[in-house]
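Values quoted throughout were computed directly from the atomic coordinates according to the rules given, and no laboratory measurement underlies them. The model shown is predicted, which means the values in this text are computed figures rather than measured ones. Every residue, glycine among them, receives a Cβ derived from its backbone with ideal geometry; neighbour counts consider all protein chains shown.
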Amino acid sequence: MRPIRRFVPPLGGVDLSPLVLIVLLQVLLIPLAHLRGLLRRGRFSFDEAVRGADRTTVAVTLFALLELYKRGEADWQQRESFGDIAVQPRSGRAPAGAAARVERMAG
């Protein structure tokens, strides 16, 4: 909670950091659900996933894509720098060590 407390100091002696964390997690779940819906369809481009979105939404969606990769749910290819990112569902296991990292973070 310390990183959140740096940006959200106590208000009237009340620590609001747990509430802020819950809101941030809920905000992350929105693009995560959107990406999972696109993955059920099959292959898609990252541009398609963020079409019409503002910069913050693009950044949060990229973070959500990284989370799906870490969990072994998605993979992607980018043939050239600044080129299109093709995202597809991953069949098989999560990348080596990803499950252990998630367990350490949760524990």
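Non-local amide H neighbours of ASP75 (under 5 Å, H modeled in plane, Pro and chain starts lacking H): which ones?
The answer is GLN88, ARG90.
Roughly how many whole Å is it from the C-alpha centroid of region 3-34 to that of region 45-71?
Computed from Cα coordinates, the inter-centre distance equals 20 Å.
Just to be sure I understand the rule: take each whole DSSP H helix in the chain, project its Cα atoms onto its long axis, keep it if the span is 18 Å or more and its mean Kyte-Doolittle hydropathy is at least 1.0. Which ones pass?
Answer set is 17-41.
Among residues other than VAL60 whose Cβ falls under 12 Å from its Cβ, what is the net charge (Lys/Arg +1, Asp/Glu -1)?
Value of the local net charge: -1.
Modelling each spin label as a point 7 Å along the Cα-to-Cβ direction, I'd like the ALA53/ARG41 distance in nm, to one decimal.
About 1.4 nm, to one decimal.
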